[in-house]
Amino acid sequence: MGVDHAVRRAVFLDRDGVINASVVRGGKPYPPDRVEEVEVLPGVGDALVALRRAGYLLVVVTNQPDVARGTQTREAVDAIHAKLQGELALDAVYACLHDDADACHCRKPKAGLLLDAAKDLGIDVTASFMVGDRWRDIEAGITA
């Protein structure tokens with residue numbers, strides 16, 4: 001009986017602007033408010049399948065501060081995540097529902113979401129990658 005020393009690697013992915021299109025209102029990008037507004041970006045599905053075949057777990061890590069701000073419900077965010085998990089090869093979704101003033105451990109650029117996922121899923125963050133479209137995403141990946 002040997003010990004399994006396999007390293008679990010992951011690609012951590014931001015959600016809005018990376019997995020799905022942002023919704024533009026008044027010239028500014030926003031997360032979708034409801035499931036019907038979710039549009040997976042072209043090529044994302046195929047890219048995720050290729051990453052999965054290469055042996056990576058696929059974990060979405062997303063800031064969703066509109067819940068704390070009262071302009072979005074947790075139920076709507078959960079429904080959007082359920083839709084994405086149903087359509088894409090995702091292993092997990094971790095969301096921070098706080099705003100900056102909450103000083104939580106999970107809001108990117110802090111690494112809490114990535115570290116929580118790593119602990120829960122047995123991921124070696126040193127063998128993993130972070131894909132994002134903002135400095136907060138990249139800083140969280142570097143910190144983790």
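Only the coordinates and a few stated rules stand behind these numbers; no lab work does. Note that the structure is predicted; figures quoted are calculated from it, not measured. Here the Cβ positions follow ideal geometry from the backbone for every residue, glycine too, while neighbour counts run over all protein chains shown.
Numerical summary
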| item | result |
| --- | --- |
| Qualifying residue in region 21-40 (condition: among the acidic types (Asp, Glu), surrounded by fewer than 17 Cβ atoms within 10 Å (Cβ to Cβ), free of Cβ contacts under 8 Å to residues at least 12 places away in the same chain and not in a loop (DSSP other than H, G, I, E, B)) | yes |
| Verdict on residue 136 being more than 18 Å from residue 10 (Cα to Cα), of a type outside the set (Asp, Glu) and in contact (Cβ under 8 Å) with a residue 60 or more places away in the chain | yes |
| Residue within region 46-55 that is basic (Lys, Arg), farther than 25 Å from residue 116 by Cβ and assigned to a helix (DSSP H, G or I) present | yes |
| Matching residues in region 88-113 - criterion: being over 16 Å from the mean Cα position of the chain (by Cα) and either surrounded by 19 or more Cβ atoms within 10 Å (Cβ to Cβ) or in a loop (DSSP other than H, G, I, E, B) (or both) | 99, 103, 104 |
| Selected residue (only one of 60, 11, 7 is under 20 Å from residue 142 (Cα atoms), part of a loop (DSSP other than H, G, I, E, B) and touching a residue at least 40 places away in the same chain (Cβ under 8 Å)) | 7 |
| Residue in region 121-142 that is touching a strand residue (DSSP E or B) at 6+ places or on another chain (Cβ under 8 Å), charged (D, E, K, R), more than 19 Å from residue 21 (Cα to Cα) and part of a loop (DSSP other than H, G, I, E, B) present | yes |
| Residue check for residue 8: within 29 Å of residue 122 (Cα to Cα) and charged (D, E, K, R) | yes |
| Number of positions in region 69-87 that are crowded, with 19+ Cβ neighbours inside 10 Å and in contact with a helix residue (DSSP H, G or I) (Cβ under 9 Å, 6 or more places away or on another chain) | 3 |
